[in-house]
Amino acid sequence: MMTTGSAQKQPPLLFALKSAADFGERIARHLGQTLQSHEERDFEDGEHKTRPLIDVRGGNVQVIAGLHGGDGQSVNDRLCRLLFFVGAMKDAGAARVTVVAPYLCYARKDRRTQPHDPVTTRYIGQLFEAVGTDGLITMEVHNLAAFQNAFRCSTVHLDPYAVFSQHLKSLAGDAPLAVVSPDIGGAKRAELFRQALENDLQRPVSKALADKQRSLGRISGDLFVGDVSGRIAVILDDLISTGSTMERVARQCRQHGASQVFVMATHGVGGVSSLANLMQPTIDKVILTNTVHQPPDFVSAMSDRLTILDVSDVFAKALEG
């Protein structure tokens with residue numbers, strides 16, 4: 001647990017904003033704690049306020065919040081609400097405030113690829129620092145190096161690989177597996193997971209890499225390297241938005257002889273907009289974590305093709321230290 005000074009003398013105060021109410025309850029149960037009370041009030045003109053309903057002076061505060069859009073709130077709504085809440089905690093005398101953001105918004109734009117591009121990952125870091133955030137815990141950012149360079153406060157980066165590995169172990173049985181990166185940028189992520197999976201299964205797991213080029217909103221790329229023939233191809237990425245990349249790579253895996261194709265990502269941010277691609281017959285299963293709440297229409301349409309894995313215990317262990 002990240003604590004300093006007087007905050008070490010008392011147990012942490014755990015809050016969960018409405019954007020992460022269920023996830024927060026799960027973390028609290030793992031920790032054997034109770035979520036502290038707070039108020040989230042909306043005003044008629046669209047403004048809002050959020051405040052703790054307990055005394056936080058001198059306390060070590062941990063705030064769980066969802067930073068994906070949904071339930072009538074945009075990403076910006078939720079980010080602004082969280083920032084103001086952190087600021088209110090510091091104004092009320094909290095010794096330390098740690099933000100727990102299972103999905104970190106705006107992390108995809110981490111560098112300039114065109115003239116005058118924004119570098120939003122860095123701007124997000126500056127916003128959190130501006131309101132006095134002492135620490136941030138998140139899972140599977142788009143670019144780990146960019147994330148680490150963007151924040152000057154304490155950060156903890158988590159991954160779901162152990163959870164994914166255990167699920168695949170029960171799902172695939174003795175079938176041969178291959179971990180596939182959908183683009184060159186994700187090759188390191190796929191290799192780290194492949195190694196973790198190989199250690200867990202105690203047998204070789206092959207790998208493959210697809211090429212992706214994005215221009216004017218269109219995705220192309222025909223290069224595919226690796227061995228997936230006769231294997232279950234597990235396409236791994238940090239997130240799924242429209243699902244177009246996953247569908248394209250799934251077709252490539254089938255063309256190269258994959259027996260089945262599992263699509264696996266930490267954050268499912270696309271919701272119903274990804275259905276057209278994820279429901280294609282080239283994809284057998286879609287496996288996500290619960291870092292992003294999935295809308296009922298998406299879950300219903302995907303039916304037994306979809307599996308959502310709980311990673312709240314991974315966050316709970318990080319908070320425990």
Cα-projected label distance for residue 53 with residue 119, points at 7 Å along beta-carbon direction, nm:
4.3 nm
If Lys and Arg each add +1 and Asp and Glu each add -1, what is the summed charge of the other residues whose beta carbon sits under 12 Å from the beta carbon of residue 189?
-3
Tilt of helix 75-91 relative to the longest C-alpha principal axis of the chain, in degrees (0 to 90, nearest 10)?
40 degrees
Environment charge at residue 29 (Cβ cut-off 14 Å; Lys +1, Arg +1, Asp -1, Glu -1):
-3
With each label point set 7 Å from Cα along the Cα-Cβ vector, what nm distance links residue 29 and residue 154?
2.8 nm
Please compute the net charge surrounding residue 132, taking Lys and Arg as +1 and Asp and Glu as -1 over other residues with Cβ under 11 Å from its Cβ.
-1
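Just so you know, all these numbers are worked out from the coordinates, no wet-lab data involved. As the structure is a computational prediction, the values presented were derived from the model and not from experiment. Neighbour counts are summed over all protein chains in view; Cβ atoms, including those assigned to glycine, are modelled from backbone coordinates with ideal geometry.
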